[in-house]
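The values are calculated or read from the model by the stated rules, or taken from the named source; none is laboratory data. All values reported here derive from a predicted model rather than from experimental measurement. Neighbour counts are summed over all protein chains in view; Cβ atoms, including those assigned to glycine, are modelled from backbone coordinates with ideal geometry. We work out accessible area using only protein heavy atoms, side chains counted, and drop any ligands, DNA or RNA first. Shrake-Rupley method; radii C 1.70, N 1.55, O 1.52, S 1.80 Å.
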Amino acid sequence: MRDSVVGQLIWKDWQMQRVPILITIVWGAAALAIAPWGGVNNRVVGGVLFFIPLILMGHMLPLGGIGNERKKQNLAFLMSLPVSFIQYTTSKLISSLVIFLIPWVTLVSAAVLLVEVRGVVPHGSIPVLLILSLMPFLGFCLITGATLVGETEGWGIAANVLCSSTYGLAWFFMTQVPSLMVPANGAVVVWNSTELLILASEIVVSLLLLGLTYFLQSRKRDFV
Amino acid sequence: MSDLAIELSGVGKRYKYFALDNIHLKVPAGQIMGLIGPNGAGKSTTIRIMLGLVHQDSGEVRVLGHRMPTEQVAAKWDIGFASEDMRLYESMTLGWHMSFMQRIYPNWDSAYAQLLLKRFGLRADQKIKGLSHGQRVKATLLLVLARKAKLLVLDEPTTGLDPVARHEILRELTAVMAEEGRSILFSSHNTHDVEQISDQITFIDRGRIIDSMDKEMYLDRWRRLRLEVPHGVELPALPGIIGIKRDGRLAVATANAYVPDLAHAYESTGARVQRVENMTLEEIFVANVEHSREEVEA
Amino acid sequence: MYSMNGAFVISQSDKRPMYLQIMEQMKQRIAVGDWKEGQAIPSIRQLAVDLEVSVITVKRAYLELEREGVIVTQQGKGSHVASTPGLGAKLREQELEQHLEQAMRIAAMLGIQPKELEEKLREAGDRFSGNGNGKI
């Protein structure tokens, strides 16, 4: 009985976010489509255009899906249903993850495939590609958590601003790390410890953020 | 199993600028309780505590036998809640919301839901954002009513509605009483509505319960005595009289514990009782709140 | 099948308590013969729903009416008009007496003596029959 209410909530979120998902996939696909043609410029443009929807998705989804729900006072309606606050949080995290991961996995796989098959950029850049792609995911976890836990819009927006401003910095720092840049220009995929370390940290931090969100939500005493 | 739909014992809640203090409240099963109080009195907070949406700092809360907020999920299966600041999803239709509720609640009565659509003048294919305020309120109440919930907890269900809409809603609320064992608690500062349909009345002001009792008994205790007082006669302070306003030879005494002896007592001082009037709940409301605030300050 | 409760109107502007209004309207029905002696009447709950008022108000009205011997409520069987023969007429007489008491009160305020009041009553009677068909 209980699971079905959580299930209904997840289904509802899916129903309401279908269009944004579609737009993201289409946009990302278009960016990937441009990249193989023409010269280097197209590659750069395609590359940038590729990451934008991922970032936008990571940021807009929590603000829109969760923040809006609170601002538009839908939360009182949801909490009138037979769910606990933790169940609500669970449904929100699951639906947000699913809704984000569907386009993310689709686009990142497509990008990797494109590199493998068409050699748009050197094959060796795949690890860096993955590292860069995980950043919006990390940002997504942070913003989702901040929006859920923070009682006002401000927190989600602050997290949003924080992530947006750090992407550029992160990209820059990465270009300064030889053990990342050297293999990136190679023709073969090379997995070294730096790459693996960074990838692992990104994943671990993301999971920690989700766990922290859960923990903070469970401590709350006033929900609406 | 107790026959109380709602029971609050010694409930307290502290906020920065406001506190609920020692709230005791009992709503017997099968009755309608009207919760009245000025704005900011604590009606909404008290209601949220009943739903487990706000965790009380002290005291016990039992709703339909369940302890709140720990057992709120079990309780909410049988509680229909609607509050003034609750909103449905703007971009979805009323029909979508109805299907949503139907999938969750086994008690959903589709036939009744359709009837309510007609009675309330709503259409299922309308998006919520296209509805007027009154229509939204009715839509939210439709979703609650069609569930045939055992207990309805409504925070200001008729506020901001035109007289026709208010009547439509009062009609459905009183119809709930046709089935024994179903209860309603609703808050309002519309005293006419409370006076008309409540079996029990509770007054709350500045975070404290002032009065809580049977409506008929309560209305019976309050009277306004219009007196003609000759010069030189001092009106005595009598038990059960909470205030006297005097203007020359005319005086009005307000009683909150009226017995016919009071009239006789005045007459024996030389004053003449012109009329003993019943008071409307609105008049009682104002007199009661003013009196209780004076007492607190004294 | 007509609605038994169609003509019940509880007025907010009527200064008297709701239960009194309900009592009066029920007595009127009996007085004019719409509700006969011994006839079944709506249950407390049903009347409350029809009138859109609280159950407790209707309960009070029924209790008072039972106390006055106008209706009878049986546990589990519902309520009905008391089977007292001539109840309708008796209620009408009560109504008349109430009006007469009211007339006495007003007369006293105006300083009119009972003898003068009697004269006025006779005059009213003449007007009454003079217009034919008992219309004033």
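Assorted remarks:
- Within segment A:190-224, the only residue that satisfies the criterion of being open to solvent by less than 50 Å² (accessible area, probe 1.4 Å), away from every other protein chain (no Cβ under 14 Å) and not in a helix (DSSP H, G or I) is A:ASN192.
- Any hit, segment B:24-39, residues being of a type in the set (S, T, N, Q), open to solvent by 50 Å² or more (accessible area, probe 1.4 Å) and more than 17 Å from B:VAL289 (Cβ to Cβ): no
- Residue selected from segment B:228-240 under the condition among the small types (Gly, Ala, Ser) and over 19 Å from B:TYR218 (Cα atoms), by the criterion modelled with the lowest pLDDT: B:GLY232
- Among the residues examined, A:VAL5 does not qualify as part of a helix (DSSP H, G or I) and free of Cβ contacts under 8 Å to residues at least 12 places away in the same chain.
- Whenever a residue of segment A:181-199 is closer than 13 Å to A:LEU129 by Cβ and among the aromatic types (Phe, Trp, Tyr), it has no partner that is open to solvent by less than 90 Å² (accessible area, probe 1.4 Å) and modelled with pLDDT under 80 lying with C-beta atoms less than 6 angstrom away and at least six residues away or across chains.
- Of everything in segment B:192-218 that is of a type in the set (A, V, I, L, M) and in contact with a Leu (Cβ under 7 Å, 6 or more places away or on another chain), the residue that is nearest to B:ASP57 (Cα to Cα) is B:ILE209.
- Considering residues of segment B:240-298 that are among the hydroxyl-bearing types (Ser, Thr, Tyr) and over 29 Å from the mean Cα position of the chain (by Cα) only, the residue nearest to B:SER198 (Cα to Cα): B:TYR266
- Of all residues in segment B:225-272, those that are surrounded by 13 or more Cβ atoms within 10 Å (Cβ to Cβ), among the hydroxyl-bearing types (Ser, Thr, Tyr) and out of contact with any strand residue (DSSP E or B) (no Cβ under 7 Å at 6 or more places or on another chain) total 1.
- One residue from A:LEU49, A:LEU114, A:LEU56, A:LEU61 being open to solvent by 60 Å² or more (accessible area, probe 1.4 Å), at pLDDT below 85 and either aliphatic (A, V, I, L, M) or within 14 Å of the chain's Cα centre (by Cα) (or both): A:LEU56
- The condition (being polar (S, T, N, Q), surrounded by fewer than 15 Cβ atoms within 10 Å (Cβ to Cβ) and within 30 Å of B:MET213 (Cβ to Cβ)) is satisfied by just one residue among C:GLN75, C:GLN113, C:GLN94, C:GLN102: C:GLN75.
- Residue within segment B:161-183 that is in contact with an Asp or Glu (Cβ under 6 Å, 6 or more places away or on another chain), more than 9 Å from chain C (Cβ to nearest Cβ) and in a strand (DSSP E or B) present: no
- Restricting segment B:202-223 to residues that are within 10 Å of another protein chain (Cβ to nearest Cβ) and touching a Ser or Thr at 6+ places or on another chain (Cβ under 7 Å), the residue that is surrounded by the most Cβ atoms within 10 Å (Cβ to Cβ) is B:LYS215.
- C:GLY86 loosely packed, with under 13 Cβ neighbours inside 10 Å, over 29 Å from B:MET279 (Cα atoms) and within 14 Å of another protein chain (Cβ to nearest Cβ): no
- Considering (1) assigned to a helix (DSSP H, G or I); (2) under 30 Å from B:ALA149 (Cα atoms); (3) open to solvent by less than 30 Å² (accessible area, probe 1.4 Å), the lone condition that B:HIS192 does not fulfil carries the number (3).
- Residue match in segment A:42-50 (condition: assigned to a helix (DSSP H, G or I) and either among the aromatic types (Phe, Trp, Tyr) or within 14 Å of chain B (Cβ to nearest Cβ) (or both)): yes
- Search result, residues across segment C:19-40 that are open to solvent by 70 Å² or more (accessible area, probe 1.4 Å) and under 28 Å from B:ASP214 (Cβ atoms): C:GLU24, C:GLN28
- Applying the criterion of at least 3 residues that are more than 26 Å from C:VAL9 (Cβ to Cβ) to the helices (runs of 4 or more DSSP H) found wholly in segment C:32-136 leaves C:87-110, C:114-130.
- Verdict on C:GLN74 being without any contact (Cβ under 8 Å) to a residue 24 or more places away in the chain and closer than 29 Å to B:GLY34 by Cβ: no
- Once segment B:88-109 is narrowed to residues that are open to solvent by 50 Å² or more (accessible area, probe 1.4 Å) and touching a residue at least 12 places away in the same chain (Cβ under 8 Å), the residue that is farthest from the other protein chains (Cβ to nearest Cβ) is B:ASN107.
- In segment B:73-87, the residues that are part of a loop (DSSP other than H, G, I, E, B) and open to solvent by less than 40 Å² (accessible area, probe 1.4 Å): B:MET86
Residue-wise test of (1) within 17 Å of B:ARG224 (Cβ to Cβ); (2) touching a residue at least 40 places away in the same chain (Cβ under 8 Å); (3) not in a helix (DSSP H, G or I).
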site: B:ILE242; (1), (2), (3): yes, yes, yes
site: B:VAL252; (1), (2), (3): yes, no, yes
site: B:TYR258; (1), (2), (3): yes, no, yes
site: B:VAL289; (1), (2), (3): yes, yes, no
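- Summed over segment B:62-72, residues that are surrounded by fewer than 19 Cβ atoms within 10 Å (Cβ to Cβ) and either at the interface with chain A (Cβ under 7 Å from one of its Cβ atoms) or part of a loop (DSSP other than H, G, I, E, B) (or both) total 3.
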